[in-house]
Amino acid sequence: MNFQKYIDLSLALFDPNYPLRCQHFTFVTKNGGKILAIGRNQNKFHSLNIKNPGICKNGDFFTKLSICSEFSALNRIKNTTQIKYNKLILFNIRIDRNKKICLSRPCNSCKSLLNWLGIKKIYYTDENGHFIKY
């Protein structure tokens with residue numbers, strides 16, 4: 001798979017004036033081909049996200065309401081007909097303020113959402129900018 005394509009796209013979408021500390025990007029593809037949706041973490045809240053509250057690694061809820069990039073991307077295709085979620089592949093990239101690729105593993109609440117939808121193939125960047133299959 002051409003992982004570099006997703007890193008290049010993320011760097012092109014990177015906004016140095018974005019209000020959040022890091023920018024997470026999620027690319028939803030069908031079998032690794034055509035990009036169906038792109039999501040970015042957001043500093044706001046969506047009413048559908050009440051059912052999927054952010055959960056930290058230690059099990060606590062996020063104190064600040066926000067939208068994860070996975071939720072944002074999947075929300076864009078929710079009304080698309082004939083989507084077979086088990087055929088989708090997600091690519092997560094996180095870029096810090098210095099344009100360094102960082103760890104972008106899905107949080108616990110996104111893991112639960114992805115499992116519920118039946119999405120099996122998720123790739124995310126590690127601290128060294130390499131992709132790891134989730």
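Provide the solvent-accessible area of residue 130, counting protein heavy atoms only and rolling a 1.4 Å probe, rounded to the nearest 10 Å².
Roll a 1.4 Å probe over it and residue 130 shows about 110 Å².
Order 85, 123, most accessible first, counting only protein heavy atoms with a 1.4 angstrom probe.
85, 123
How much accessible area does residue 66 have with a 1.4 Å probe, in Å² rounded to the nearest 10?
Ignoring ligands and nucleic acids, residue 66 comes out at about 40 Å².
Can you give the net charge of the other residues whose Cβ lies under 15 Å from the Cβ of residue 17, counting K and R as +1 and D and E as -1?
Counting the neighbours of residue 17, the net charge comes to +2.
Of 87/133; 78/121; 5/30; 34/99; 78/100; 78/99, which pairs sit farther than 23 Å apart, going by alpha carbon to alpha carbon?
34/99; 78/100; 78/99
The values are calculated or read from the model by the stated rules, or taken from the named source; none is laboratory data. Note that the structure is a prediction, hence the values are computed from the model and not measured. Note that each Cβ is placed from the backbone with ideal geometry, even for glycine, and that neighbours are counted across all protein chains shown. Side chains are part of the model used for accessible areas, which takes the heavy atoms of the whole protein and leaves out ligands, DNA and RNA. Shrake-Rupley method; radii C 1.70, N 1.55, O 1.52, S 1.80 Å.
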